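One structure is given here, and the rest of the page talks about it.
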Amino acid sequence: ATQAAVAATDVSKLPHVKQTLVAPPNVPAHEQTSKGPKVVQITMETQEKLIEVAPGAKVWALTFNGSVPGPLIVVHEGDYVELTLKNPKSSTLAHNVDFHAATGALGGAGLTLVQPGEEVVLRWKAIKAGVFVYHCAPGGTMIPFHVISGMSGALMVLPKDGLKDNKGKPYKYDRAYYIGEQDFYLPKDDKGNFKTYGSPAEGMADMLEVAKGLIPTHVVFNGAVGALTGDNALKAKVGEKVLFIHSQANRPSYPHLIGGHGDLYWVGGSFGDAPLTNQETWFVPAGAAVAAAYEFHQPGLHVYLSHNLIEAVLLGAAAHMTVDGAWNDDIMTQLKKPASFDAKAGMDH
Amino acid sequence: ATQAAVAATDVSKLPHVKQTLVAPPNVPAHEQTSKGPKVVQITMETQEKLIEVAPGAKVWALTFNGSVPGPLIVVHEGDYVELTLKNPKSSTLAHNVDFHAATGALGGAGLTLVQPGEEVVLRWKAIKAGVFVYHCAPGGTMIPFHVISGMSGALMVLPKDGLKDNKGKPYKYDRAYYIGEQDFYLPKDDKGNFKTYGSPAEGMADMLEVAKGLIPTHVVFNGAVGALTGDNALKAKVGEKVLFIHSQANRPSYPHLIGGHGDLYWVGGSFGDAPLTNQETWFVPAGAAVAAAYEFHQPGLHVYLSHNLIEAVLLGAAAHMTVDGAWNDDIMTQLKKPASFDAKAGMDH
Amino acid sequence: ATQAAVAATDVSKLPHVKQTLVAPPNVPAHEQTSKGPKVVQITMETQEKLIEVAPGAKVWALTFNGSVPGPLIVVHEGDYVELTLKNPKSSTLAHNVDFHAATGALGGAGLTLVQPGEEVVLRWKAIKAGVFVYHCAPGGTMIPFHVISGMSGALMVLPKDGLKDNKGKPYKYDRAYYIGEQDFYLPKDDKGNFKTYGSPAEGMADMLEVAKGLIPTHVVFNGAVGALTGDNALKAKVGEKVLFIHSQANRPSYPHLIGGHGDLYWVGGSFGDAPLTNQETWFVPAGAAVAAAYEFHQPGLHVYLSHNLIEAVLLGAAAHMTVDGAWNDDIMTQLKKPASFDAKAGMDH
Ligand SMILES: [Cu+2]
Ligand SMILES: [Cu+2]
Ligand SMILES: [Cu+2]
Ligand SMILES: [Cu+2]
Ligand SMILES: [Cu+2]
Ligand SMILES: [Cu+2]
Ligand SMILES: [Mg+2]
Ligand SMILES: [Mg+2]
Ligand SMILES: [Mg+2]
Ligand SMILES: [Mg+2]
Ligand SMILES: [Mg+2]
Ligand SMILES: [Mg+2]
Ligand SMILES: [Mg+2]
Ligand SMILES: [Mg+2]
Ligand SMILES: [Mg+2]
């Protein structure tokens, strides 16, 4: 750029607010509407750690803040995001961040590459409302390698006056969950067992070779098969409106809530458009985060999954959700329990 | 649920109407608008049968009413669906139904599991307008196994006042077809021939192993390669508006009408949103049913397929459609028949 | 069709305009609004040529006018397209064109099959506004074979009064690029090297066998890995609105502009519907062309790719874009350069 640079607004006078990031599927404390522009200060640390994706399947996860996916960040349209990114000395690789919500410098990736032992501070303005992926993108083959090793998360830019439903009416959610879906491509040894490597770099060539075949060995929520089932199931109550933020940094996904629906679904995660309604299964393009909201009408187990049922059940892309409240017989009722019948009185066939 | 249950509306006073289900691609007789809430009574039987997907490729199909896909069910918003599900004594497996259109109890799957020789009756209220998948979901690995063995269908919930076009004007179709797309994962023997098993359970482990690779051996409409071609081609007339309901319970699909268009396309199959227009190819997220409508302008062969052309032509996802009427030269005309030309007078290259 | 044919409008009285087609990613000179219906005359030649998709990977490309993809054609709604299709004597195969924008005769494929040495002239009316794929479709297995050998392109039908943004306001672009994405399925020899064949037909059976596995060996823009990078990068200036037309005739794609956004995105490529906004990553259903527009706000390198990062980086689906102008510090600024930090003062973990 040979032209003179555009001067920045004096953001030093804006309120500065530290956001405490939390591990997914939880989301940080936040207001749904904005009181005016602010600087949201966040710190993320790149952490490399050996994790178990499924029994007997270990991988060197490359992470933001130690979780797969990284934490959800929440700001409002017009806010400034001030990120301090730290790469600890114990790391083996350089990392950075490409925020899909940001504008310029490869989403910030070009200005945030930190070697082990370094930190950097980047500020950018949230000018697009919606939910967006962020991910590490250190260049060349390191890009898919870091992303398929777990190094992505999501950032939500809420409209100043909050969400609107399909009729344009303000929509307030009672609870939000962030589901980060991750595809892994774990190499196997000659006996068909998953290989464990001594460092991220040691497994890279093998993993990229598996990845070139485009078929993951695991597709999981929150970093591991069963990470959001049983004791870790999501919770809600009948009558609550729940916002689900779903990201997939590398492959398409097909979110579906068994026993429920997407009452509202923001295509591509954009809050600039009216949401669609009545979705049985919605869609996450590869490399995107989307949002869907549902008001629960019935208690009991619900299952939130990606509706390629092979991926959901055999590769891991399923979460449980337990809902408390009263059953509504008008909406569904079992008129006759399973019981033996006289086959001769049945249908002809 | 520890709270008191919500009482049901007294649905016994509503009109009760039996719907006679028919084999796809046909749809049951139905009105396009509602005369008020009613109880639609349907009976489905789970049938296990060895079918031929392509010459030399047999599979134990798990079906509703003997067809792959199961029959289309048609109701209106506000109606109650009263399903009697029968599993004949001759069956080898337990089956149930998860209606994506229903709310609670895993879409009814939690209240409908029937062992061989049992029947069950479930009633649920259609509160979401659109087209929706239903499928068997008996739990764990049985879920993908039953679904990739053919055990899904679709249910259409029409708005009370019928469909609307993209301008909000009432839209009446002259004809409807239900295209159920099925992915099969048939194991091969050492010589590369498809294996036939003695029962569904016998082939299950092998089939799930193929399925984990996520690449189907067959992708078909109406249960077999060529099931909707030649003598079984769909039919329409120039000037008719045809509604296509397309379901895929497990994978994405890309419906396309060669020589025609999606004049109207309801994203995700929701009738709660204005349809999109002018689609060359539309989209079915994995685990969804969608609807598209087209008014035919030209006679002759049309081909309805999923526009991954490998899947359409090599794996089977194509149907023929023969259209009767007068050719319109204004829309298309061959000005010069194929004839040899003097290459020297042609383009430079 | 036994009924009398509908007479054509007397199109001989309309203005006839020859459109000079250019190689992608460039687009032909055109007006964004229409001065009234016209006949747009284009000539395309089917060319078969051995091309290098990546170092050491050659394929007999089947092309329109010698490029993969074929050229973009631009007309307005209500115009007539008059195509002269020439198949030179030196060709080894018959070719035709199925225009997804056209109506009837399999999109024109049924009226345009030309043997080597033949030409044909077809006229059809553009009645649907949007961007649409065209491709060769000679019947049976020749359809996927020609398409996965490169034989597709795109045609844009602009609304008479030009594009509109999401608020219905006229939208004028400063520049347009056409990105044609191509999946190749190149067979390998026993040593794992890509095989080169003596003619298109010689490689057909092997290529279709690879294709049946549905996993491409290459996914590229403009016919080859790196065809739109380095010296061939796309260009734009800060403040310019750029329209991106993206086609994929056979597989889904996930266009994404690193460092930018889809300000406007026309789903399925239809200009009959309001565009969506704020897309981080948008979607091309298999067998479709879509359009997205972006106003550049920052200078420097941007990367336009399909955001399956494995496909983008390892299989080839990436383009570079260099943008000239002044950096805007308000939108993004590096507050602190990467520098070593005292780990003891960092986050607890
Ligand atoms: Cu990294
Ligand atoms: Cu990205
Ligand atoms: Cu079953
Ligand atoms: Cu389901
Ligand atoms: Cu051809
Ligand atoms: Cu086509
Ligand atoms: Mg657990
Ligand atoms: Mg998004
Ligand atoms: Mg609801
Ligand atoms: Mg037949
Ligand atoms: Mg649907
Ligand atoms: Mg029409
Ligand atoms: Mg180059
Ligand atoms: Mg299109
Ligand atoms: Mg912009």
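Would it be correct to say that C:Gly110 is touching a Gly at 6+ places or on another chain (Cβ under 9 Å), of a type outside the set (Asp, Glu), within 16 Å of ligand 6 (Cβ to nearest atom) and at positive phi? No; evaluated as a whole, the condition is false for this residue.
Listed here are the residues, each with its yes/no results for (1) within 16 Å of ligand 8 (Cβ to nearest atom); (2) in contact with a helix residue (DSSP H, G or I) (Cβ under 8 Å, 6 or more places away or on another chain).
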position: C:Asp231; (1), (2): no, no
position: C:Gly239; (1), (2): no, no
position: C:Val242; (1), (2): no, no
position: C:Pro255; (1), (2): yes, no
position: C:Gly272; (1), (2): no, no
position: C:Gln279; (1), (2): yes, yes
position: C:Ala286; (1), (2): no, no
position: C:Gly300; (1), (2): no, yes
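Contact map, the stretch C:243-268: first residue more than 7 Å from chain A (Cβ to nearest Cβ), second residue of a type in the set (Asp, Glu) and open to solvent by 10 Å² or more (accessible area, probe 1.4 Å), Cβ cut-off under 7 Å, separation 6 or more or different chains; pairs are C:Asp263/C:Glu295; C:Leu264/C:Asp165; C:Trp266/C:Asp273; C:Val267/C:Asp273. Of all residues in the stretch A:312-345 being open to solvent by less than 10 Å² (accessible area, probe 1.4 Å) and in contact with a helix residue (DSSP H, G or I) (Cβ under 9 Å, 6 or more places away or on another chain), which is farthest from the other protein chains (Cβ to nearest Cβ)? Among those that are open to solvent by less than 10 Å² (accessible area, probe 1.4 Å) and in contact with a helix residue (DSSP H, G or I) (Cβ under 9 Å, 6 or more places away or on another chain), it is A:Ala319.
Scanning the stretch C:50-75 for residues that are farther than 20 Å from C:Pro216 by Cβ and open to solvent by 30 Å² or more (accessible area, probe 1.4 Å) returns a single hit, C:Asn65. When C:Ala291, C:Ala326 are checked against the criterion of being over 23 Å from C:Ile148 (Cβ atoms), part of a strand (DSSP E or B) and among the hydrophobic types (A, V, I, L, M, F, W, C), a single residue qualifies: C:Ala291. If you go through the stretch B:51-106 and keep only what is hydroxyl-bearing (Ser, Thr, Tyr) and in contact with a Pro (Cβ under 8 Å, 6 or more places away or on another chain), you end up with B:Ser67, B:Tyr80, B:Ser90, B:Ser91, B:Thr92. Of all residues in the stretch C:110-119, at least one satisfies being more than 9 Å from chain B (Cβ to nearest Cβ), without any contact (Cβ under 8 Å) to a residue 40 or more places away in the chain and touching a Pro at 6+ places or on another chain (Cβ under 9 Å).
For the subset of the stretch B:269-284 comprising residues that are among the hydrophobic types (A, V, I, L, M, F, W, C) and open to solvent by less than 10 Å² (accessible area, probe 1.4 Å), which member is farthest from the other protein chains (Cβ to nearest Cβ)? The selected residue is B:Val284.
Restricting the first member to the stretch A:279-305 and to residues that are under 17 Å from B:Phe132 (Cα atoms), and the second to residues that are within 16 Å of ligand 6 (Cβ to nearest atom) and open to solvent by 10 Å² or more (accessible area, probe 1.4 Å), the beta-carbon pairs closer than 9 Å and six or more apart or on different chains are A:Phe283/B:Phe283. Evaluation of A:Trp124 against the conditions (1) within 25 Å of C:Ser340 (Cβ to Cβ); (2) at the interface with chain C (Cβ under 8 Å from one of its Cβ atoms); (3) within 16 Å of ligand 1 (Cβ to nearest atom) shows that the sole unmet condition is (3). Evaluate the following for C:Lys128: is it more than 16 Å from ligand 9 (Cβ to nearest atom), basic (Lys, Arg) and within 22 Å of the chain's Cα centre (by Cα)? For C:Lys128, the condition - more than 16 Å from ligand 9 (Cβ to nearest atom), basic (Lys, Arg) and within 22 Å of the chain's Cα centre (by Cα) - is met.
When the stretch B:28-49 is examined, which residues are found to be farther than 24 Å from B:Val120 by Cα and surrounded by 17 or more Cβ atoms within 10 Å (Cβ to Cβ)? Residues satisfying the conditions are B:Gln32, B:Ser34.
When B:Thr84, B:Thr103, B:Thr33, B:Thr43 are screened for being away from ligand 14 (no atom under 16 Å from the Cβ) and within 30 Å of B:His218 (Cα to Cα), only B:Thr43 passes. Among residues that are open to solvent by 30 Å² or more (accessible area, probe 1.4 Å), more than 16 Å from ligand 4 (Cβ to nearest atom), within 14 Å of chain C (Cβ to nearest Cβ) and not polar (S, T, N, Q), A:Val157 is not included.
Within the stretch A:177-225, being open to solvent by less than 20 Å² (accessible area, probe 1.4 Å) and either polar (S, T, N, Q) or over 26 Å from the mean Cα position of the chain (by Cα) (or both) holds for one residue alone: A:Gln182.
Checking the stated criteria, B:Glu45 turns out to be in a strand (DSSP E or B) and either farther than 14 Å from B:Val81 by Cα or not polar (S, T, N, Q) (or both).
The values are calculated or read from the model by the stated rules, or taken from the named source; none is laboratory data. Here the structure is a predicted model, which is why all the values come from computation and not from measurement. Here the Cβ is made from the backbone with ideal geometry for all residues, glycine too, and neighbour counts use every protein chain on show. Accessible surface areas use protein heavy atoms only, side chains included; no ligands, DNA or RNA. Shrake-Rupley method; radii C 1.70, N 1.55, O 1.52, S 1.80 Å.
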